[in-house]
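**Q** Dropping the structure in here first, questions after.
The values are calculated or read from the model by the stated rules, or taken from the named source; none is laboratory data. As the structure is a prediction and not an experimental result, all values here were calculated from the model. All Cβ positions, glycine included, derive from the backbone under ideal geometry; neighbour counts span all protein chains shown.
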Amino acid sequence: MNYSFKIIKFLALSFTFILFNSIILKAQTVEEKLIVFFNDKPSEKFDAVAYFTPKAIERRMLQHLPLYDWYDLPVNESYLQQLLTYSIQLKCVSRWLNAAVIYCSKENVAKIANLPFVTAVEQQHSLFIISETIEKEENPIEISRQTERMGIRKFDSLGLNGNGILIAIFDVGFSGADKHPAFEHIRKSNKIRKTYDFVKNTENVYHGGSHGTSVWSCIAGKKENQALGLATEAEFLLARTEIITKEVFAEEENWIMAAEWADRNGADIINSSLGYTKARYFPENMNGKTALISRGASIAAKKGILVVNAAGNDGNKIWETVAAPADADSVLTVGGVKPCCDYHIDFSSFGPTSDLRMKPNVSAQGLVYCAKENGYGNINGTSFSSPLVAGFAACIWQQNKSLNNMEIFRMIEKSSNLFPYFDYAHGFGIPNSSNYLNGINTTATFDIIAPDVSNLQFYNPEDFFYKIIIKEEAFQKDEYSGKQLLYYQLLNANNQIEKYYVLNVTQKEVLNISMKQAVVGTSIRISFKNYYKEYKF
Amino acid sequence: MMKINKIIVLLFLASFSATGQEILFEKDPAIDTTIEKKGPNRKNFTHPFISFGFAIDAGEKGATVVQPNLDQFAIGFRYKRRLNNTFSVGFECSYTNYAFSIKQNNQKTTPDSTINKRQRLYFYDIQLGAYFRINFGKRGNILGNYFDIAPYSEAVVAFTEFSKYKLPDGSVVRARRSGIDYFQRFNYGIQARIGLKKLIFFGQYRISNAFYGDKNLAEIPRITAGIQFVLK
């Protein structure tokens, strides 16, 4: 038997099979997708007034930012022309990154990299990966809880509802939102300023999935006059940047294009309930500097835009860490908490970032009642925590128009229920209008009592305890949850959090820490009903 | 009685301590900056897999098989050593089971010329293989898209013949024969695979003969193809 012939036949069949599959995937194996970064920009004068909308100029003036800077200058047209001679297709151009995304043949990659005006070339292959679903329904929840927990009534009494604030929402699509009753008040008052689909390059965004519809409703939706989010009177830019069935690198480029578009159109806030993890990156890449989208989000923040992003839904998966662009330093990262009792909801991703920065920054309800493509219902995910905080941000910015984005960022952190306590599951906790308007009530709610061993010459440290005791007047269960939560964390001598906890307090003597456990130099941080204390052992 | 009293006291104390603080949440933060060495796109990765294959060629005249039929099932583990983002090498070990349903016709010579109602040949193998992998595209800590070429060898641990036939009186007999000596104890071949993350399409070609040459038996199918699932 001629085996060699059969082996050749078998291998030929295999390669035909591979070729067939490659064609199905995308005929890109012969093409390379590149991001080409340029070294400079043209120095001729830039007409910012013609380029930006009046709203974008107003934002810059209010925040005392220059009318334009290097990032806003156009990419050198002659560079693009030269690049086109080596390219099969020019996909998009980013002013912020001073870069172009192109498709070219494999042999031209080295030629492009050697062009005198090219500083770096990053390969951006596409992958065909079915994205994981992050939404799952649970038992019905109280509609008003998600907004009342953040103090919508106080905002309402002051007329704070996001009026005059322009919020850009980047998502997979807004299916059904053009007809949904949840947004009727927005459509009636013509507050959808612009829409753009960066995937298909059209203006129609009302397709592709209803994730964006649900997210939008958590900022401004209504059900029979009951608000689902805090900024019901804000204005909107809706952008489709994500493809629901695929995880492709193009989505990050779309995000940056959308951010430039939002900046040009005067957005004050970007809400992005999107995140990219293991399909593209390793946990050590979550440092705010590696992922393209995180770099783009940081530039958006430099432009005075408050970028609010979901922490991610990998808290109960191997990945665990916040997803890009939530890893970026100047992005307000929002984690999720249980609706019942304000502590970490299982799927919400954890901090810190790989370079050990604190994330998430704040939290909001991770299971919400919102608009869906047809009607309303429950949905969970940090995707819906993020718009609740974006709405909160719009309300406080409405009252403090002269503040810049990072001042609003810090103000949101300071308005949160745990501040100045933070941990890597809740950040500073849930922002609340009472804390924002009245400041945090710092009445002592507990005492830390150190053991008295001054008269003892010899003692066993295991027999003596530091005691944390709740004060009589503070020992009261929350009416809604029937619980009273105490957050605490143990820190090592380098001031790093070693372990953190949430307890449901059921007796006044909450914690006993033996002197053996309480090593000199280590410390404990405790937060209970807005009162915070750090104790060094 | 004393013992019972003690148990009651202990149960009482246990219920008392249970009314203490309720830990709702606890967490060790990931502040360890050591880069993980194990993972789908890390230096080392081991994962179990499960495989289902179908004979592609019908087999030689005299040993043609019923098609389509699930002819191969395997369960095992695969180790991957990453060389760089594009290339990896590795080895795999699996329990592989082949079950070929021989067509009962006049040309039949394998394992004999008797025409039964049904006849199956079962091979119970331990398969060992090595592979070379080419990965395509930029990716994070996932398997991504890849092509493997994998020579393998397998030891036939057991071989049985199953026959179902009718006796002249109309009764049906099911017979299983083992202790047969006409099959080769060791086989070898080559496998090619295309992987899309955790889903793998494979084709396999057996180079060696399944039966000893002096038995003059027709060869059962050499080419199988099917699907594998990475179970991690």
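**Q** Scan the stretch A:359-381 and tell me whether some residue there is charged (D, E, K, R), closer than 26 Å to A:S527 by Cα and out of contact with any Phe, Trp or Tyr (no Cβ under 6 Å at 6 or more places or on another chain).
**A** As a first pass, look at the stretch A:359-381 and keep what is charged (D, E, K, R): A:359, A:372-373.
Remaining after also requiring closer than 26 Å to A:S527 by Cα: A:359.
With out of contact with any Phe, Trp or Tyr (no Cβ under 6 Å at 6 or more places or on another chain) added as a condition, the list becomes A:359.
There is at least one residue in the stretch A:359-381 that is charged (D, E, K, R), closer than 26 Å to A:S527 by Cα and out of contact with any Phe, Trp or Tyr (no Cβ under 6 Å at 6 or more places or on another chain).
**Q** In the stretch A:478-503, how many are more than 16 Å from A:V520 (Cβ to Cβ) and within 14 Å of another protein chain (Cβ to nearest Cβ)?
**A** Residues flagged as more than 16 Å from A:V520 (Cβ to Cβ) and within 14 Å of another protein chain (Cβ to nearest Cβ) within the stretch A:478-503 amount to 17.
**Q** Kindly list the number of the only condition in (1) within 14 Å of chain B (Cβ to nearest Cβ); (2) within 31 Å of the chain's Cα centre (by Cα) that fails for A:F475.
**A** Failing condition for A:F475: (2).
**Q** Might you let me know whether the stretch B:78-87 holds any residue that is touching a residue at least 12 places away in the same chain (Cβ under 8 Å), aromatic (F, W, Y) and surrounded by fewer than 14 Cβ atoms within 10 Å (Cβ to Cβ)?
**A** Yes: one or more hits.
**Q** Just checking, how many residues over the stretch A:84-99 are closer than 30 Å to A:A301 by Cα and more than 27 Å from the chain's Cα centre (by Cα)?
**A** So the answer is 1.
**Q** If you don't mind, there's one more thing I want to ask. So A:K246 passes all but one of these: (1) surrounded by 24 or more Cβ atoms within 10 Å (Cβ to Cβ); (2) at pLDDT below 90. Which condition number does it fail?
**A** (1)
**Q** Next question, about the same structure. Mind checking which residues of the stretch A:108-132 are among the small types (G, A, S), modelled with pLDDT of 85 or more and surrounded by 13 or more Cβ atoms within 10 Å (Cβ to Cβ)?
**A** Residue satisfying the conditions is A:A113 alone.
**Q** From the list A:D342, A:D355, A:D327, exactly one residue is among the charged types (D, E, K, R) and either assigned to a strand (DSSP E or B) or closer than 30 Å to A:S402 by Cα (or both). Which is it?
**A** From the options A:D342, A:D355, A:D327, the qualifying one is A:D327.
**Q** More than 12 Å from chain B (Cβ to nearest Cβ), among the polar types (S, T, N, Q) and surrounded by fewer than 20 Cβ atoms within 10 Å (Cβ to Cβ), is that true of A:Q517? Can you show your working first?
**A** Details: more than 12 Å from chain B (Cβ to nearest Cβ): yes; among the polar types (S, T, N, Q): yes; surrounded by fewer than 20 Cβ atoms within 10 Å (Cβ to Cβ): yes.
Yes, satisfied.
**Q** Would you check which residues across the stretch B:203-224 are part of a strand (DSSP E or B) and either in contact with a Ser or Thr (Cβ under 9 Å, 6 or more places away or on another chain) or more than 9 Å from chain A (Cβ to nearest Cβ) (or both) and list them? Steps first, answer last, please.
**A** Start the filter on the stretch B:203-224 by keeping residues that are part of a strand (DSSP E or B), which leaves B:203-206, B:211, B:223-224.
The answer is B:G203, B:Q204, B:Y205, B:R206, B:F211, B:T224.
**Q** Turning to a different aspect of this structure: Scan the stretch A:190-210 residue by residue and report those that are crowded, with 24+ Cβ neighbours inside 10 Å and at pLDDT 95 or above.
**A** A:V205
**Q** Can you list residue pairs whose Cβ atoms sit under 6 Å apart, with the first residue in the stretch A:390-401 being buried (at least 24 other Cβ atoms within 10 Å of the Cβ) and the second being of a type in the set (G, A, S) and not in a helix (DSSP H, G or I)? Count only pairs 6 or more apart in sequence or on different chains.
**A** A:G391/A:G229; A:G391/A:A231; A:A394/A:G162; A:A394/A:A231; A:A394/A:A234; A:C395/A:G162
**Q** What pairs can you find where one residue is in the stretch A:89-111 and part of a strand (DSSP E or B), the other is modelled with pLDDT under 85, and their Cβ atoms are less than 6 Å apart, with a gap of 6+ or different chains?
**A** As it stands, the answer is A:I102/A:S87; A:Y103/A:E31; A:Y103/A:K33; A:Y103/A:I88; A:Y103/A:Q89; A:C104/A:E32; A:C104/A:S87; A:C104/A:I88, since those pairs meet every condition given.
**Q** While we're on this one: If you scan the stretch A:318-347, which residues turn out to be away from chain B (no Cβ under 11 Å) and under 16 Å from A:I430 (Cβ atoms)?
**A** A:L332, A:T333, A:V334, A:G335, A:G336, A:P339
**Q** Counting only residues that are within 26 Å of the chain's Cα centre (by Cα) and either assigned to a strand (DSSP E or B) or crowded, with 21+ Cβ neighbours inside 10 Å (or both), how many does the stretch B:109-146 have?
**A** Adding up the residues that qualify gives 26.
**Q** Take residues that are of a type outside the set (S, T, Y) and under 30 Å from A:L356 (Cα atoms) and tell me which of the strands (runs of 3 or more DSSP E) falling wholly in the stretch A:450-517 contain 2 or more. Reasoning before the result, please.
**A** On the way: elements: A:465-470, A:485-491, A:497-504, A:509-514.
Of the strands (runs of 3 or more DSSP E) lying wholly inside the stretch A:450-517, those with at least 2 residues that are of a type outside the set (S, T, Y) and under 30 Å from A:L356 (Cα atoms) span A:485-491, A:497-504, A:509-514.
**Q** Please work out which one of (1) of a type in the set (V, I, T); (2) more than 14 Å from chain A (Cβ to nearest Cβ); (3) part of a strand (DSSP E or B) is the condition B:I149 fails and give its number.
**A** Here B:I149 meets the rest and fails (2).
**Q** Could you list, in sequence order, the residues of the stretch B:104-113 that are over 14 Å from B:I180 (Cβ atoms) and in contact (Cβ under 8 Å) with a residue 40 or more places away in the chain?
**A** Within the stretch B:104-113, B:N105, B:Q107, B:K108, B:T109 meet the criteria.
**Q** To continue, here is another question. Here is a check on your reading of the model: is B:T96 surrounded by 15 or more Cβ atoms within 10 Å (Cβ to Cβ) and either part of a strand (DSSP E or B) or at pLDDT 95 or above (or both)?
**A** Working: surrounded by 15 or more Cβ atoms within 10 Å (Cβ to Cβ): yes; either part of a strand (DSSP E or B) or at pLDDT 95 or above (or both): yes.
Against the criterion (surrounded by 15 or more Cβ atoms within 10 Å (Cβ to Cβ) and either part of a strand (DSSP E or B) or at pLDDT 95 or above (or both)), B:T96 qualifies.
**Q** May I pose another question? Yes or no: A:E407 at negative phi, free of Cβ contacts under 8 Å to residues at least 40 places away in the same chain and of a type in the set (D, E, K, R)?
**A** Against the criterion (at negative phi, free of Cβ contacts under 8 Å to residues at least 40 places away in the same chain and of a type in the set (D, E, K, R)), A:E407 qualifies.
**Q** On to the next question. With a cut-off of at least 1 residues that are basic (K, R), name the strands (runs of 3 or more DSSP E) lying wholly within the stretch B:22-83.
**A** B:22-27, B:70-82
**Q** Would you be able to say whether some residue in the stretch A:454-464 is surrounded by 13 or more Cβ atoms within 10 Å (Cβ to Cβ) and either free of Cβ contacts under 8 Å to residues at least 24 places away in the same chain or within 12 Å of another protein chain (Cβ to nearest Cβ) (or both)?
**A** No, the stretch A:454-464 contains no residue that is surrounded by 13 or more Cβ atoms within 10 Å (Cβ to Cβ) and either free of Cβ contacts under 8 Å to residues at least 24 places away in the same chain or within 12 Å of another protein chain (Cβ to nearest Cβ) (or both).
**Q** Which residues, taken from the stretch A:255-287, are surrounded by fewer than 24 Cβ atoms within 10 Å (Cβ to Cβ), under 17 Å from the mean Cα position of the chain (by Cα) and closer than 28 Å to A:A394 by Cα?
**A** Passing the criteria: only A:N287.
**Q** Then there is this: When you scan the stretch A:254-276, do you find a residue that is within 14 Å of another protein chain (Cβ to nearest Cβ), within 30 Å of A:W319 (Cα to Cα) and in contact (Cβ under 8 Å) with a residue 40 or more places away in the chain, even just one? Please lay out each step first, then the result.
**A** Start the filter on the stretch A:254-276 by keeping residues that are within 14 Å of another protein chain (Cβ to nearest Cβ), which leaves A:275-276.
Applying the additional criterion that residues be within 30 Å of A:W319 (Cα to Cα) yields A:275-276.
Add one more test, that the residue is in contact (Cβ under 8 Å) with a residue 40 or more places away in the chain, and what stays is A:275-276.
Yes - at least one qualifying residue is present in the stretch A:254-276.
**Q** While we're on this one: Return a yes/no flag: does the stretch B:159-181 have any residue that is touching a helix residue (DSSP H, G or I) at 6+ places or on another chain (Cβ under 9 Å), modelled with pLDDT of 90 or more and either in a strand (DSSP E or B) or closer than 18 Å to B:F73 by Cβ (or both).
**A** The answer is no, given that none of the residues of the stretch B:159-181 is touching a helix residue (DSSP H, G or I) at 6+ places or on another chain (Cβ under 9 Å), modelled with pLDDT of 90 or more and either in a strand (DSSP E or B) or closer than 18 Å to B:F73 by Cβ (or both).
**Q** Would you pick out the residues in the stretch B:157-173 that are in contact (Cβ under 8 Å) with a residue 12 or more places away in the chain and more than 33 Å from the chain's Cα centre (by Cα)?
**A** Correct list: B:K166 only.
**Q** Then there is this: Can you tell me which condition B:V66 does not meet? The list is (1) modelled with pLDDT of 90 or more; (2) surrounded by 14 or more Cβ atoms within 10 Å (Cβ to Cβ); (3) within 14 Å of another protein chain (Cβ to nearest Cβ), and all the others hold.
**A** Looking at each condition in turn, B:V66 falls short on (3).
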